[in-house]
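Please treat every number below as a calculation from the coordinates, not as lab data. These figures come from a predicted structure and were not determined experimentally. Every residue, glycine among them, receives a Cβ derived from its backbone with ideal geometry; neighbour counts consider all protein chains shown.
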Amino acid sequence: MRVGGDKSFRLKRPKFSLIFGILYFLAAAGLTAYFFVPKQADASSDERLFMPSIGLIARVTDIERDGNTLKAPDYIAGAYHATNHKTVLIGHSSTIFNNLHNVKIKDTFTFDQKTYTVVKTEILEKAMIDMGEIVAETDENTIILMTCYGEPLGGQDFSHRFIVTAKEV
């Protein structure tokens, strides 16, 4: 028996730990992408909003106005059909409209197979928004896109709103 020889002690590393680590990473990345990245869609899906300038293809569900409030769905956009010529689309800036602030004047997009051109973008304090004006009738088919912007106020609320106005071409 040799004492203090040149043999070193090595622990065998189980192969499953490497495989488990890879599977864990893939599951975490997949869940993150599923819940936090706008979904891609094909032409046969119920996706209704296509904004190529910001890489958005979004599912939209119809919503109802509750007094002076429109409540945004968690991971998709909500459409409130204010009048015959105006629709308001809302969504969270942390999910579906996370790149909306990158929209520029003259960008085009489609909603319900109609093409719109952005004519105005603005940032307004939440307290200064007149929902009556936002939902008021217009002579032209108009889309208003709105999402949170500015400083967090707690929960999912922010100090300002980023508002995009677009007219049908």
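Each part reduced to its alpha carbon centroid, region 123-146 and region 46-121 end up 13 Å apart.
Each peptide in 57-66, 20-29, 122-131 was scored by the mean count of other Cβ atoms within 10 Å over its residues; highest first, the order is 57-66, 122-131, 20-29. Fully extending the segment from THR83 to ASP62 would add 6.2 nm, taking 0.36 nm per residue of separation and subtracting the current Cα-Cα distance. Note on region 47-168: dipole from Cβ charges, positive end direction compared against GLY91, ASN141, MET51; the farthest Cα belongs to MET51.
Placing pseudo-labels 7 Å out from each Cα toward the beta carbon at LYS114 and ASP130 gives an inter-label distance of 2.4 nm. Modelled spin labels at GLU151 and PHE20, positioned 7 Å past Cα toward Cβ, are 4.7 nm from each other.
Taking the Cα centre of region 47-168 as origin and assigning +1 to Lys and Arg Cβ atoms and -1 to Asp and Glu Cβ atoms, the resulting dipole is close to 320 debye. For region 80-169, the fraction of C-alpha pairs more than 21 angstrom apart is 28%.
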